[in-house]
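To start, the structure under review is shown below, and the notes come after it.
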């Protein structure tokens with residue numbers, strides 16, 4: 001049933017970029033803290049190489065992924081087939097947060113659409129690529145992307161987003177350092 005792959009080959013790359021949603025899971029070092037799993041969508045995932053991926057981190061109500069990544073780097077990104085043959089793909093790796101004030105940000109941001117809520121890029125050095133059956137994953141019909149976050153971020157404006165991040169994204173729910181001013 002499940003297989004591991006040496007890298008993200010062309011066939012798998014084609015499949016990954018067709019998916020409309022992916023999930024990101026991270027965990028803090030403390031066993032008493034909260035594990036996080038976040039759904040991601042829109043045109044925010046990029047394959048940079050056979051073992052190198054990134055996604056655009058958008059301003060949201062929390063900062064769990066960035067906090068955990070900054071603490072320990074561990075991450076898994078999971079994709080599920082909601083149409084066509086059943087399939088689940090997991091990309092495990094060591095990740096890092098790239099903020100707008102870092103030189104690498106300007107090198108990578110051009111690969112993504114210009115979204116008003118962009119706060120960082122999460123880049124992953126993939127150490128394990130695997131798939132599993134996905135036989136129990138239901139079918140879903142893709143209707144379209146939501147524009148709610150874009151409208152919210154646009155209404156806030158750049159200064160409003162900075163203020164929001166300073167108030168709501170400074171630390172994770174467990175008090176781990178999250179967003180930093182860029």
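Just so you know, all these numbers are worked out from the coordinates, no wet-lab data involved. All values reported here derive from a predicted model rather than from experimental measurement. Cβ atoms come from the backbone with ideal geometry, glycine included; neighbour counts cover every protein chain shown.
The distance between label points at residue 18 and residue 139 comes to 1.5 nm (points 7 Å beyond Cα on the Cα→Cβ vector). Value of Rg to Rh for the range 74-171, rounded to two decimals, is 1.04; Kirkwood radius and Rg both from alpha-carbon coordinates.
Each helix, a run of at least 4 DSSP H residues, gives -39500 (n - 2.57); summed and divided by the residues of the chain, these come to -7500 deg cm²/dmol at 222 nm.
Here the range 123-170 is treated as a sphere whose radius is the Kirkwood value from Cα pairs; by Stokes-Einstein at 4 °C and 1.567 mPa s it diffuses with a coefficient of 85 µm²/s.
Under the rule a/c < 1.5 gives rounded, and otherwise a/b versus b/c splits prolate from oblate, where does the chain land using the Cα gyration tensor? Before the final figure, lay out the partial values.
Numbers: a/c = 1.64, a/b = 1.42, b/c = 1.16.
Prolate, because a/c is 1.5 or more and a/b exceeds b/c.
Please give the per residue volume of the convex hull enclosing the alpha carbon atoms of the range 38-104, rounded to a whole number of Å³. Provide the component values of the computation, followed by the final result.
Values: hull volume 8.0 nm³, N = 67.
It comes to 119 Å³ per residue, whole-number rounded.
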